[in-house]
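Heads up, the thing below is written out as C-alpha cells.
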Amino acid sequence: MRLLYLTAGAANMYCGSCLRDNALAAELLARGHDVLLVPIYTPTRTDERNVSQEKVFFGGISVYLQQHSAVFRRTPAFLDRLWDSTPALRWAARRSIPVDPRSLGELTISMLKGEAGNQRKELDKLLHWMSAQDAAPDLVTLPNSLLISLARPIKRALKRPVCCTLQGEDLFLSGLNEADREQSLALVRAQVADVDCFVAVSDYYAEFMCEYLRIPECKMRVVPLGINLEGYAVRERPRNDDVFTIGFFARVAPEKGLHLLCEAYRRLRARGDFPARLEVAGYLAPEHQRYLQGIERQMNEWGLRHEFRYRGVLDRQQKIEFLQHLDVLSVPATYDEPKGIFLLEAMACGTPVVQPRRGAFTEIIERTGGGLLCAPDDAESLAEAFYELRQNPERATDLGRAGAAAVRTDFSVARMAERALEVYEKVISF
C-alpha cells in the first residue's frame, strides 16, 4: 500500500500526535508499505527514529508572514526557500514563541479557508509536489481536522481518498475567543463531506467528535494508540528504598493538572509521616513558566519544596528510566483528554497509574487494568488512591503487571498498524 501521511510539527516540543504519527509510519514502513511522512509547519521532534521527510510544507514562518502581509503572498520561490529551509524553521522553533490560541484565531480561520485563505500559495506548493511524485498514493491522511481544508484540493488533484485523524484539536479550538471559535467550527463542519473517513484515537473521542464536528457515524473509525515497546522493560518490585515516588509526565500546563496533583500530594503527606517525593517531567512553554514557579512557591509554603523536583524535557532513554523508578504515575488533566499516551508508556514499565474518570483515561484503564480511576478535579479522591497504593504495595504490583501485559497485547505499535491498515483497506476499496 502506498500512503502519504501529513503530520503537523510542534516545533521544539515532543508532541503526542507527532510521536503517534511517526511510530505508525515507521511500523508500516517496516512491514513493507510505501509510506511518505510529510511535516506541516515545522520539522517534527520524536524520541525514536524519525522517518519524516526533510521538506516541510506550510512552513511556520511562511504561514505567519503570509497571514500578516500581502507582500509575502506573492514572493518568488527562491525567497520562500530561505525561510522554508530546515535551518530557518529549526531556528524559529528554538525561539519557543508562545502559541496561545487566543492570538491565532485569524490564522486558524485563514488556514481553514484553504484555497480562499491567505496561505493559498503554500497549498499550491503542496499540490505541485504531490502531483510530481512518481506514483500517486493509494490514500492520503491529514493529521487533524484543523487542516481539513486540504482534503478537497488533494482529492481533486490526485483522485484519491483522504482520511483525517482526530487526536486532540478540540482543546485548541476551545482556547480561541468565542467569535473565532464559532467561525472555525463552522468552517470545519462545512468541509466534513470532503473527507472519506475520520480516524479517532479513542472510543471517547470518536463519540465526542461526531457530535462536536457533526461527523456522520458511518464516516468514523477508531484506531487506538499504540507505542513502540523497544527499550521498555518492567521494573522489578519491591524497591530497595521505601520512598513513595509519584510522577507526572506531560506538558507542564494548567490543563494537565499539575497544580491538582500537588494539592493531592499535600493531602497524602498529611496522612502519615512516611518518605515520599513528587517527580515532574515534560515540556514547559514560555507562557507557562510562571505557572510552574507558582507551584514551586506553593510547595515551599507547605514545607514540601525539598520533595518536589522538575526534571525538564527527557529523551527516550531518560523517559523510560524516569517511568521505571516511579511507584505511580498521575496526570490529572482538567479536560477530557482524547489520547493519554503517557499512560501506555508508564504501564509498559510496569508502573501503575491513577487518573480522573474522564476522556480516554477511563477506557485505557478499564481495558488494561493498569491503574485506578478517581473523581475528576478532586484532590481528595486522588490522594485516597495514592494512599491505597502506598499502603498496599501488592495491589500496586498487580496493577503494574496487568498494565504491562495489556499494553503489549493491545496497545503496541504493531497492533495500531494492523487496525490502521484494516481501516485504510476498506476506504480504498469503497
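Each value in this text was obtained by applying a stated rule to the coordinates, not by laboratory testing. All values reported here derive from a predicted model rather than from experimental measurement. Cβ: placed from backbone, ideal geometry, glycine included. Neighbour counts: every protein chain shown.
Specify whether the C-alpha gyration tensor of region 108-170 places it in the rounded, prolate or oblate class, a ≥ b ≥ c being the square roots of the eigenvalues: rounded for a/c under 1.5, otherwise prolate if a/b is larger than b/c and oblate if not.
oblate
Cβ-to-Cβ counts within 10 Å put 334, 351, 362 in ascending order as 334, 362, 351, the fewest first.
Of the trypsin sites (Lys or Arg not before Pro) found in region 145-181, those in coil by DSSP whose Cβ has at most 14 other Cβ atoms within 10 Å are 159. Which whole-angstrom value gives the distance between the alpha carbon centres of region 1-56 and region 184-233? What the calculation gives is 18 Å, centre to centre. Taken as Cα centroids, region 117-132 and region 289-341 sit 41 Å apart, rounded to the nearest whole angstrom. Each of 308, 137, 414 was placed along the dipole of the chain (beta-carbon charges, centred on the mean Cα), and the one lying farthest toward the positive end is 137. Would region 339-399 count as rounded, prolate or oblate if I go by the C-alpha gyration tensor, calling it rounded below 1.5 in a/c and otherwise prolate when a/b exceeds b/c, oblate otherwise? Cα axes put region 339-399 in the oblate bin. With the convex hull constructed from alpha-carbon coordinates only, region 255-379 shows a mean projected area of 7.7 nm² over all directions. Stretched out straight at 0.36 nm per residue, the stretch from residue 159 to residue 207 would grow longer than its current Cα-Cα span by 14.4 nm. With 0.36 nm allotted per residue and the present C-alpha distance subtracted, the residue 33-residue 178 stretch has 47.9 nm of extension available.
Per the Cα gyration tensor, the chain maps to an equivalent ellipsoid with semi-axes of 39, 24, 19 Å, ordered largest to smallest. Length gained on full extension, residue 387 to residue 302, computed as 0.36 nm times the residue gap minus the Cα-Cα distance: 28.7 nm.
For the cross-link pairs 55/125; 159/426; 113/426; 55/155, the ones whose C-alpha atoms lie over 19 Å apart are 113/426; 55/155. Do any trypsin sites (Lys or Arg not before Pro) in region 223-321 lie in a DSSP loop with no more than 15 other beta carbon atoms within 10 Å, and if so, which? Those satisfying the criteria are 239, 271, 311. Adding -39500 (n - 2.57) for every DSSP H run of four residues or longer, then dividing by how many residues the chain holds, sets the calculated 222 nm ellipticity at -14000 deg cm²/dmol.
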